[in-house]
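Note sheet for the following structure.
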């Protein structure tokens, strides 16, 4: 059985690429393939991850420059054909900028960069990325962002709810969605969403930073394990 190849796109300013690589390479029968942003090919990968960081220094707007990188033409085509694409933090911002996910990520409501552990609740486990979780699972995952305030118009929010595209929400340790548990002002406490086909997921928390006990939490590891499991199911 050939190894599952997961591409990790590296932009100038990416700073979670090697964290993500370490997690991917630790998964059974899986290898990370680093993809420089100027690439015009995805090197026959099976899935793509856009990692966190500050692509192009966030000088214009988070993700606004990265979406013009040559590799994103390939990523958009890859996603449109139904293949898995995961965007973490800055990766989520890039996915909204290039139209693969609805809405936008605005400045945190307190106008400050936030770096801390938060609790998020699994709202939908029927996706490629969440099958190892149970609905209502509460995860302890770190965030590190200045623009994680999810916004969308009323019609879009209704569509996300109706189609079960809201995958993760900010909550307290008991799973309650409260204003106090919302670190950045995101509408409906949204921490992560997917597209209508559910093959593209974006989330602001960093699951790669919660994939080893040494880091204080392993709650994020099941997200990567879910993705690998989805391919094993397809090959059975």
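The values are calculated or read from the model by the stated rules, or taken from the named source; none is laboratory data. Predicted model, so just to flag it, every value in this text is computed and none were measured. Glycine also receives a Cβ, built like all others from the backbone with ideal geometry; neighbour counts cover every protein chain displayed.
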*Please enumerate the residues belonging to the stretch 175-216 that are at pLDDT 95 or above and surrounded by fewer than 19 Cβ atoms within 10 Å (Cβ to Cβ).*
175, 176, 177, 178, 179, 180, 185, 187, 188, 196, 197
*If residue 36 satisfies every condition in (1) within 21 Å of residue 63 (Cβ to Cβ); (2) within 15 Å of the chain's Cα centre (by Cα) but one, which is the exception?*
(2)
*Mind checking whether some residue in the stretch 58-80 is on the phi > 0 side of the Ramachandran plot, in a helix (DSSP H, G or I) and either at pLDDT 95 or above or surrounded by fewer than 20 Cβ atoms within 10 Å (Cβ to Cβ) (or both)?*
yes
*Of the numbered conditions (1) part of a helix (DSSP H, G or I); (2) modelled with pLDDT of 95 or more, residue 234 fails exactly one; give the number of that condition.*
(2)
*Residue count, the stretch 198-218 (criterion: in a loop (DSSP other than H, G, I, E, B) and either farther than 15 Å from residue 166 by Cβ or free of Cβ contacts under 8 Å to residues at least 24 places away in the same chain (or both))*: 5
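Among the listed residues 129, 119, identify the single one that is assigned to a loop (DSSP other than H, G, I, E, B) and in contact with a helix residue (DSSP H, G or I) (Cβ under 7 Å, 6 or more places away or on another chain). Spell out how you get there, then give the answer.
On the way: 119 fails: assigned to a loop (DSSP other than H, G, I, E, B).
None of the other options fit; the residue is 129.
Would you check if there is a residue in the stretch 96-108 being on the phi < 0 side of the Ramachandran plot and assigned to a helix (DSSP H, G or I)?
The initial filter retains those residues of the stretch 96-108 that are on the phi < 0 side of the Ramachandran plot, namely 96-98, 100-102, 104-108.
Right, trim to assigned to a helix (DSSP H, G or I) and you get 96-97.
Taking every residue of the stretch 96-108 in turn, at least one turns out to be on the phi < 0 side of the Ramachandran plot and assigned to a helix (DSSP H, G or I).
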*asked:* Can you pull out every residue in the stretch 84-116 that is touching a helix residue (DSSP H, G or I) at 6+ places or on another chain (Cβ under 9 Å), surrounded by fewer than 19 Cβ atoms within 10 Å (Cβ to Cβ) and touching a residue at least 40 places away in the same chain (Cβ under 8 Å)?
replied: 104
*What pairs can you find where one residue is in the stretch 129-141 and on the phi < 0 side of the Ramachandran plot and without any contact (Cβ under 8 Å) to a residue 12 or more places away in the chain, the other is in a loop (DSSP other than H, G, I, E, B) and crowded, with 17+ Cβ neighbours inside 10 Å, and their Cβ atoms are less than 9 Å apart, with a gap of 6+ or different chains?*
none
*asked:* Suppose we keep only residues that are touching a helix residue (DSSP H, G or I) at 6+ places or on another chain (Cβ under 9 Å) and exposed (fewer than 15 other Cβ atoms within 10 Å of the Cβ) within the stretch 16-33. Which one would you say is nearest to residue 83 (Cα to Cα)?
replied: 31
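What number of residues within the stretch 142-162 are touching a strand residue (DSSP E or B) at 6+ places or on another chain (Cβ under 8 Å) and either part of a strand (DSSP E or B) or within 17 Å of residue 99 (Cβ to Cβ) (or both)?
Taking the stretch 142-162 as the starting set, the residues that turn out to be touching a strand residue (DSSP E or B) at 6+ places or on another chain (Cβ under 8 Å) are 142-152, 160.
Next cut, either part of a strand (DSSP E or B) or within 17 Å of residue 99 (Cβ to Cβ) (or both) only: 142-145, 149-152, 160.
Residues that pass the stated criteria total 9.
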*Lone unmet requirement of (1) more than 24 Å from residue 57 (Cα to Cα); (2) assigned to a strand (DSSP E or B) for residue 180*: (2)
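Counting just the residues of the stretch 6-33 that are in a strand (DSSP E or B) and in contact (Cβ under 8 Å) with a residue 60 or more places away in the chain, which one comes out farthest from the chain's Cα centre (by Cα)? Lay out the reasoning, then the answer.
First pass over the stretch 6-33, keeping only residues in a strand (DSSP E or B): 6-10, 14, 30-33.
Add one more test, that the residue is in contact (Cβ under 8 Å) with a residue 60 or more places away in the chain, and what stays is 6, 9, 14, 30.
Working: 6: 14, 9: 13, 14: 14, 30: 19 Å.
The extreme case among them is 30.
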